[in-house]
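Only one structure is covered here, and it is reproduced in the block below.
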Amino acid sequence: MMKVGFIGLGQMGAGMAANLIKAGHQLRIYNRTPGRAAGLVAQGAGIAAGAADACLGAGAVITMLADDAAVEGVVFGEGGVIGGLGAGAVHVSMSTISVALSQRLAAAHAGAGQRFVAAPVFGRPDAAAAAKLFIVAAGAPDAVAVCSPLFEALGQKHFVIGEQPQAANLVKLSGNFLLASAIEALGEAVALIGKAGVDRRQYLDILTSTLFNAPVYKTYGALIVEEKFEPAGFAAPLGQKDIRLTLAAAENLGVPMPLASLLHDRFLALIAQGGGALDWSAIAGLAARDSGQRG
């Protein structure tokens, strides 16, 4: 078992940290909102005074944070991970961050004599709590090997895709682009048949029993036909952020992504219309509104 620092106890992080404790790892946790730590302390986690303190004596520190700015703050800021992590220890970034930041983190940790693994996850909060995440990891083989027991405690499967950490972040962003694309397509299709008077629930059952028998269509299709966009499992501004980061990576690589540009505008529209607190699947409701079926 390993001494692990865990930073970020949001909807995803809290469940992940709990699963590491259940697996026998010794956790030292830090969150900018201290109240979220109480349940984990009751399970045996230690409280850290800050990001550097969470790294004290740890073989690995995991960050699970909302965006680039949050990761930059806890890693590079005063009292951050770079200053607190021991030589040879591993920073495991499980957040959805930009390719550019992943490259910067890898270089900074190498310069400090530390190791860096990018390991973003696929799965909503219920999957995180149930240790059913899918993890995409990249980094030096020895560093990834250190993290393997942690991945086994957190997910149902993990994939190692290479030695360059940013590759894992690009895969994660591309996956979220595909998810958002499916959500938008489902929203348009449901709006189409709904305006014609076809039962939307029956329509979803037909789709998921035949052509689209896949988790993404079942999970998000149910949210769309039931219009269950709150409470948010993954808030719309985070979806907007991921599409923005996808487009930035695509521009850097010289890859046109016209559908991603459309999705960026859909998220902007949703948020501009007051949907910032909704689940990102609420972009699917825009098609119904555009067709006059919603106010």
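If only one of Ala128, Ala110 is assigned to a helix (DSSP H, G or I) and either touching a Leu at 6+ places or on another chain (Cβ under 9 Å) or polar (S, T, N, Q) (or both), which one is it? Just a single option satisfies the conditions, and that option is Ala128.
The listed residues are Gly15, Gly83, Gly44, and the only one of them that is in contact with a strand residue (DSSP E or B) (Cβ under 8 Å, 6 or more places away or on another chain) and either closer than 22 Å to Pro149 by Cβ or surrounded by fewer than 18 Cβ atoms within 10 Å (Cβ to Cβ) (or both) turns out to be Gly44.
For the stretch 2-35, residues that are assigned to a loop (DSSP other than H, G, I, E, B), of a type in the set (A, V, I, L, M) and in contact (Cβ under 8 Å) with a residue 60 or more places away in the chain total 3.
Consider Val190 carefully, then state whether it is in contact with a strand residue (DSSP E or B) (Cβ under 9 Å, 6 or more places away or on another chain), β-branched (Val, Ile, Thr) and on the phi < 0 side of the Ramachandran plot.
Considered against the rule, which asks whether it is in contact with a strand residue (DSSP E or B) (Cβ under 9 Å, 6 or more places away or on another chain), β-branched (Val, Ile, Thr) and on the phi < 0 side of the Ramachandran plot, Val190 comes out as no.
When Pro258, Pro237 are checked against the criterion of being without any contact (Cβ under 8 Å) to a residue 40 or more places away in the chain and under 27 Å from Ile193 (Cα atoms), Pro258 stands alone in meeting it. Of all residues assigned to the stretch 104-122, at least one qualifies as being over 24 Å from Ala51 (Cβ atoms) and either in the same structural domain as Met64 (by TED's automatic domain parsing) or buried (at least 23 other Cβ atoms within 10 Å of the Cβ) (or both).
Filtering Glu230, Glu163 for residues that are of a type outside the set (Phe, Trp, Tyr), in contact with a Pro (Cβ under 8 Å, 6 or more places away or on another chain) and surrounded by fewer than 16 Cβ atoms within 10 Å (Cβ to Cβ) leaves a single hit, Glu163.
Which residue pairs have Cβ atoms under 7 Å apart, sit 6 or more places apart or on different chains, and have a first residue in the stretch 208-228 that is closer than 11 Å to Leu186 by Cα and a second that is among the polar types (S, T, N, Q)? Qualifying pairs under 7 Å: Tyr217/Thr208; Lys218/Thr208; Tyr220/Ser281; Gly221/Thr208; Leu223/Ser281; Ile224/Ser281. Selection within the stretch 186-214: residues that are under 28 Å from the mean Cα position of the chain (by Cα) and of a type in the set (Val, Ile, Thr). The member of this set that is surrounded by the most Cβ atoms within 10 Å (Cβ to Cβ) is Val190. Screening Val136 with (1) over 30 Å from Tyr220 (Cβ atoms); (2) not in a helix (DSSP H, G or I) gives one miss only, at (1). Within the stretch 275-295, the set of residues being within 26 Å of the chain's Cα centre (by Cα) and either within 20 Å of Pro231 (Cα to Cα) or modelled with pLDDT under 95 (or both) comprises Gly275, Gly276, Ala277, Leu278, Asp279, Trp280, Ser281, Ala282, Ile283, Ala284, Gly285, Leu286. Whether any residue in the stretch 104-111 is of a type outside the set (S, T, N, Q) and either within 18 Å of Ala17 (Cα to Cα) or touching a residue at least 40 places away in the same chain (Cβ under 8 Å) (or both) is what I want to check. Looking for residues that are of a type outside the set (S, T, N, Q) and either within 18 Å of Ala17 (Cα to Cα) or touching a residue at least 40 places away in the same chain (Cβ under 8 Å) (or both), one finds at least one in the stretch 104-111, hence yes. Taking the stretch 150-241 and the helices (runs of 4 or more DSSP H) fully enclosed by it, the elements with 3 or more residues that are touching a Ser or Thr at 6+ places or on another chain (Cβ under 7 Å), among the aliphatic types (A, V, I, L, M) and in the same structural domain as Ala269 (by TED's automatic domain parsing) are at 165-195. For Asn169, the criteria (1) under 21 Å from His264 (Cα atoms); (2) free of Cβ contacts under 8 Å to residues at least 60 places away in the same chain; (3) touching a strand residue (DSSP E or B) at 6+ places or on another chain (Cβ under 9 Å) hold in every case but one, which is (2).
The values are calculated or read from the model by the stated rules, or taken from the named source; none is laboratory data. These numbers were taken from a predicted model, which means no experiment stands behind them. Because the Cβ atoms are built from the backbone with ideal geometry, glycine has one as well, and the counts that use them run over all protein chains shown.
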